[in-house]
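Asks: This is the structure I want to talk about, given as structure tokens.
The values are calculated or read from the model by the stated rules, or taken from the named source; none is laboratory data. Since we're looking at a predicted model, the values are computed, not measured. With ideal geometry, Cβ positions are generated from the backbone for all residues, glycine too; neighbour counts draw on all protein chains shown. Areas reflect the complete protein model, heavy atoms only, side chains present, ligands, DNA and RNA absent. Shrake-Rupley method; radii C 1.70, N 1.55, O 1.52, S 1.80 Å.
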Amino acid sequence: MKIQYLGTAAAEGWPGIFCNCKVCKEALRRGGKDIRTRSQAVIDDKILIDLPPDTYLHMLTYGLDMPSIRTMLVTHSHQDHWYPEELMMRREGFAVDMKGTLDIYGNDAVKESLERVVADALVYSPNRAQIAYHEIKEFTTYSSEGYEFIPLKATHNPRENCFIYIIKKEGKSLLYANDTGYFAEETWDFIKGQHFDLVSMDCTMQKIKIPTNHMGLLNNVDVVERLRQTGCVDRDTKYVVTHFSHNGGWLHEEMEKQAAEYGFSVAYDGMTVEF
Ligand SMILES: [Zn+2]
Ligand SMILES: [Zn+2]
Ligand SMILES: [Zn+2]
């Protein structure tokens, strides 16, 4: 299996779109891996995770083949993960010669915002966007294009059922865990008996350890410790941290130094990991 990180920032991007802080200015000066767009990933160039407002940029920068994507998993409805207006560009007149339906999987909040956008768009045009939305429930197994996936309960926005995902194919298994804080007990209970080859974790706050909603590096260390105790990982498991905010304070080089202490890789925009 292969994961490509297309975007690795928290909501405002890094540099933050309206931010004047020192780390944002330094990121702009350094460029390269310090420039982070809103979070999105693709598995084997096939299974797209989330639809941030930077999706179009990811298509241009990394050759993401959007017309051929058939499966999209959505974590939650925050704007840095879900920009449903873009899907209206699938309608006739905006997209020519589309090859089929896009299956989108997500929670009820994601569904509601999609329905609002579709209702608005239909005022101007009756053409369909060839989307099939599947409202899914945590701790249930689904499949698409030969992949199995299981949404788990994230610890994030308490007003919505946010998901993290297990994604599996041919004996390989990925835990994709953002946006989330330290996992809920129900999630720990469910993952007993699972084995992960790659664990990808929310590290929004970097040097700051926080109690909920997101994580910092030391929260990630706690998660990995518990995964070890639970028997979900082994010596070959890879760990990647992602979804960084400038409020966490560490530019890429420093983040790499800190994460290396624990054997974690630090995601950057465009990074690919095979496992
Ligand atoms: Zn986010
Ligand atoms: Zn900033
Ligand atoms: Zn969020």
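Asks: What is the range 45-195 by shape, rounded, prolate or oblate, if you read a ≥ b ≥ c off the alpha carbon gyration tensor as root eigenvalues and call it rounded for a/c under 1.5, prolate for a/b larger than b/c, and oblate otherwise?
Replies: prolate
Asks: While we're here: Starting from the exponent 0.38 and prefactor 2.2 Å, build the expected Rg for the range 2-274 from its residue count and divide its actual Cα Rg by it.
Replies: With N residues counted in the range 2-274, Rg over 2.2 N^0.38 Å equals 0.98.
Asks: Using modelled amide H (1.01 Å from N, peptide plane; none on Pro or chain starts), what sits under 5 Å from the amide H of Tyr147, excluding residues fewer than 5 places away?
Replies: For Tyr147, no residues qualify.
Asks: Right, here's the next one. At a Förster radius of 35 Å, what calculated FRET efficiency corresponds to the Cβ-Cβ distance of Met89 and Arg159, to the nearest 0.05?
Replies: 0.75
Asks: Go ahead and collect, in residue order, the members of the range 79-107 whose backbone nitrogen is under 12 Å from a label point 7 Å along the Cα-Cβ direction of Glu135.
Replies: What the label zone holds, given the 12 Å backbone N cut-off, is 106-107.
Asks: May I ask you to give the solvent-accessible area per residue for the chain, in square angstrom, as obtained with a 1.4 angstrom probe?
Replies: 45 Å²
Asks: Okay, next question. Which order do peptides 223-232, 157-166 fall in by mean Cβ count within 10 Å, highest first? Please list the in-between numbers first.
Replies: Numbers: 223-232: 15.7, 157-166: 19.1.
Highest-to-lowest ranking by the protection proxy: 157-166, 223-232.
Asks: If one computes the Cα centroid of the range 3-70 and of the range 125-201, what distance in Å separates the two points?
Replies: The two parts, judged by their Cα centres, are 20 Å apart.
Asks: Next up: By the gyration tensor of its Cα atoms, with a ≥ b ≥ c the square roots of the eigenvalues, what is the shape of the range 156-275: rounded for a/c under 1.5, prolate for a/b over b/c, or oblate?
Replies: Cα axes put the range 156-275 in the oblate bin.
Asks: Can you compute the charge dipole magnitude of the chain about its Cα centre, using +1 on each Lys and Arg Cβ and -1 on each Asp and Glu Cβ, nothing else charged? Give it in debye, rounded to the nearest 20.
Replies: 360 debye
Asks: For the pair Arg235 and Thr272, how long in nm is the line joining their label points, each one 7 Å along Cα→Cβ?
Replies: Those two pseudo-labels are separated by 2.9 nm.
Asks: Still on this model: Leaving out same-chain residues fewer than 8 places away, which lysines sit with a Cα under 20 Å from that of Lys25?
Replies: By straight Cα distance, Lys25 reaches Lys33, Lys207.
Asks: Pick out, from Ala41, Gln206, Ile69, the residue whose Cα sits farthest towards the positive end of the charge dipole of the chain, with +1 on the Cβ of Lys and Arg and -1 on the Cβ of Asp and Glu.
Replies: Of Ala41, Gln206, Ile69, it is Gln206.
Asks: Another question about this same structure. For the range 1-132, report the translational diffusion coefficient in µm²/s to the nearest whole number, using Stokes-Einstein at 25 °C, 0.890 mPa s, and a Kirkwood Rh over Cα pairs.
Replies: Rounded to a whole number, D works out at 155 µm²/s.
Asks: State the Kirkwood hydrodynamic radius of the range 17-75 in Å, one decimal place, computed from all pairs of distinct Cα atoms.
Replies: Working: mean 1/r = 0.0768 Å⁻¹.
Hydrodynamic radius (Kirkwood, Cα pairs) of the range 17-75 is 13.0 Å.
Asks: Helix-only estimate, please: 222 nm mean residue ellipticity of the chain, summing -39500 (n - 2.57) across DSSP H runs of length 4 or more and dividing by its residues, to the nearest 500.
Replies: -7000 deg cm²/dmol
Asks: Then there is this: Where a ≥ b ≥ c are the square roots of the eigenvalues of the C-alpha gyration tensor, would you call the range 152-217 rounded, which needs a/c under 1.5, or, failing that, prolate if a/b is larger than b/c, or oblate?
Replies: Taking the square roots of the gyration eigenvalues as a ≥ b ≥ c, the range 152-217 is prolate.
Asks: Also, quick follow-up: Expected output is a single nm value to one decimal: the length gained when fully extending between Glu26 and Glu225, i.e. 0.36 nm times separation in residues minus the C-alpha distance. What is it?
Replies: Extending this stretch completely gives an extra 68.3 nm.
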